[in-house]
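Chemist: Below you will find the structure I want to go over with you.
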Amino acid sequence: MSLTADAPLYSRVEAVLASEIGDGALKVGDQLPTEDSLITRFEVSRITVRRAIQNLVSRGLVEIRRGKGTFVAASKITQELTELSGFVEDMRALGRRPTARVIGKEIVTADTTVARHLALTKGEHVVRIRRVRLADGVPLSFDETYLPVEIGKRIMTNNLKVEPIFTLLERKYDVPLVEAEYKLEAVAAEAEVAAALRVKQGSPIFRIERTSYSTGNRPVDYERLYYRGDLIRFVTRLARKVPR
């Protein structure tokens with residue numbers, strides 16, 4: 001942010017703090033100094049400090065957590081939807097450190113939606129695995145995965161904190177993944193999802209339904225993925241269908 005000598009004081013405060021965030025002196029998750037500390041440091045008014053902070057919020061560099069303070073925000077991740085890939089693959093490709101927290105893994109009965117996506121009969125047993133997926137320690141998505149019970153039981157025996165399901169299917173159990181169907185929509189975070197992702201209930205969320213198919217058009221994995229709308233954007237590139 002280039003400033004002239006007559007730039008407003010709030011712009012100068014904003015520029016210094018933005019530079020410290022960019023240089024890594026203030027890292028993602030770090031709390032900014034209090035208003036009083038910034039007033040003393042820059043020798044400006046409270047209104048000036050608040051204007052500078054608000055500008056940083058608007059730029060997505062910091063976030064205000066009510067009752068706690070102002071913190072350096074994680075930069076928004078841009079993920080391309082060009083091929084079938086898993087969370088770990090996506091985050092590593094972006095230079096992020098992927099981790100997972102397992103919420104639960106259990107055998108349940110398939111409801112109408114799950115049964116339809118896995119080509120089963122309603123009421124059949126399936127395995128449900130729920131995890132919070134993190135990028136650089138920040139909760140990014142809440143995943144709900146359904147698998148046919150035969151392969152799902154084997155997947156459940158693994159350490160799902162570190163072993164991706166896609167990798168297990170393909171490399172350990174010889175279940176190749178060929179293609180997937182995606183459905184993406186914007187929703188408001190319900191209580192369970194909000195708690196898992198550490199956001200307020202009602203926050204904007206990307207909800208993705210993904211059904212992955214193996215050879216012979218056999219569905220082997222149905223997922224409901226809830227991504228934080230404030231931390232990720234999805235992009236794709238489309239070819240023009242020439243009118244005839």
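Chemist: Condition test on R116, is it open to solvent by 30 Å² or more (accessible area, probe 1.4 Å), modelled with pLDDT of 95 or more, touching a strand residue (DSSP E or B) at 6+ places or on another chain (Cβ under 6 Å) and not β-branched (V, I, T)?
Modeler: In short, no.
Chemist: Give the residue, chosen from A186, A195, A239, that is out of contact with any helix residue (DSSP H, G or I) (no Cβ under 6 Å at 6 or more places or on another chain), open to solvent by 40 Å² or more (accessible area, probe 1.4 Å), of a type in the set (G, A, S) and under 19 Å from R101 (Cα atoms). Before the answer, list the steps.
Modeler: Values: A186 fails: under 19 Å from R101 (Cα atoms); A239 fails: under 19 Å from R101 (Cα atoms).
Among A186, A195, A239, only A195 is out of contact with any helix residue (DSSP H, G or I) (no Cβ under 6 Å at 6 or more places or on another chain), open to solvent by 40 Å² or more (accessible area, probe 1.4 Å), of a type in the set (G, A, S) and under 19 Å from R101 (Cα atoms).
Chemist: Separate question: What's the total number of residues in the range 211-244 that are under 20 Å from the mean Cα position of the chain (by Cα) and part of a strand (DSSP E or B)?
Modeler: Just the residues of the range 211-244 that are under 20 Å from the mean Cα position of the chain (by Cα), to begin with: 211-212, 221-236.
Those left that are additionally part of a strand (DSSP E or B): 211-212, 221-228, 232-235.
Total meeting the criteria: 14.
Chemist: Right, next: Against the condition surrounded by 18 or more Cβ atoms within 10 Å (Cβ to Cβ) and more than 24 Å from R233 (Cβ to Cβ), how does L160 come out, does it pass? Let's see the steps before the verdict.
Modeler: Details: surrounded by 18 or more Cβ atoms within 10 Å (Cβ to Cβ): yes; more than 24 Å from R233 (Cβ to Cβ): yes.
The answer is yes for L160.
Chemist: I'm checking my understanding of the structure. Among residues of the range 128-150 that are touching a Ser or Thr at 6+ places or on another chain (Cβ under 8 Å), over 18 Å from S203 (Cβ atoms) and free of Cβ contacts under 8 Å to residues at least 40 places away in the same chain, which one is surrounded by the fewest Cβ atoms within 10 Å (Cβ to Cβ)?
Modeler: Going through the qualifying residues, I end up with R130.
Chemist: Next question, about the same structure. May I ask you to say which residue of E170, E181, E163 is more than 16 Å from the chain's Cα centre (by Cα), in a loop (DSSP other than H, G, I, E, B) and without any contact (Cβ under 8 Å) to a residue 60 or more places away in the chain? Break it down into steps so the answer makes sense when it comes.
Modeler: Numbers: E170 fails: in a loop (DSSP other than H, G, I, E, B); E181 fails: in a loop (DSSP other than H, G, I, E, B).
Step by step, each of E170, E181, E163 is checked, and only E163 is more than 16 Å from the chain's Cα centre (by Cα), in a loop (DSSP other than H, G, I, E, B) and without any contact (Cβ under 8 Å) to a residue 60 or more places away in the chain.
Chemist: Step by step: first the residues of the range 88-113, then only those that are over 21 Å from M156 (Cβ atoms) and open to solvent by 50 Å² or more (accessible area, probe 1.4 Å), then the one that is farthest from the chain's Cα centre (by Cα). Which residue is that?
Modeler: Within the range 88-113, the first condition is being over 21 Å from M156 (Cβ atoms), and the residues that meet it are 89-97, 112-113.
Imposing the further condition that a residue be open to solvent by 50 Å² or more (accessible area, probe 1.4 Å) reduces the set to 89, 92-97, 112.
Numbers: E89: 13, R92: 14, A93: 15, L94: 13, G95: 14, R96: 12, R97: 12, T112: 27 Å.
So, considering only residues that are over 21 Å from M156 (Cβ atoms) and open to solvent by 50 Å² or more (accessible area, probe 1.4 Å), the one farthest from the chain's Cα centre (by Cα) is T112.
Chemist: In the range 43-87, what residues are surrounded by fewer than 17 Cβ atoms within 10 Å (Cβ to Cβ), within 17 Å of the chain's Cα centre (by Cα) and modelled with pLDDT under 90?
Modeler: Passing the criteria: G60, E63, S75, K76, T78, E80, L81.
The values are calculated or read from the model by the stated rules, or taken from the named source; none is laboratory data. Small disclaimer: the values here were computed from a predicted structure and weren't measured. Don't worry about glycine lacking a Cβ; one is built from the backbone with ideal geometry, like all the others, and counts go over all protein chains shown. Surface accessibility is based on the protein's heavy atoms, side chains included, excluding ligands, DNA and RNA. Shrake-Rupley method; radii C 1.70, N 1.55, O 1.52, S 1.80 Å.
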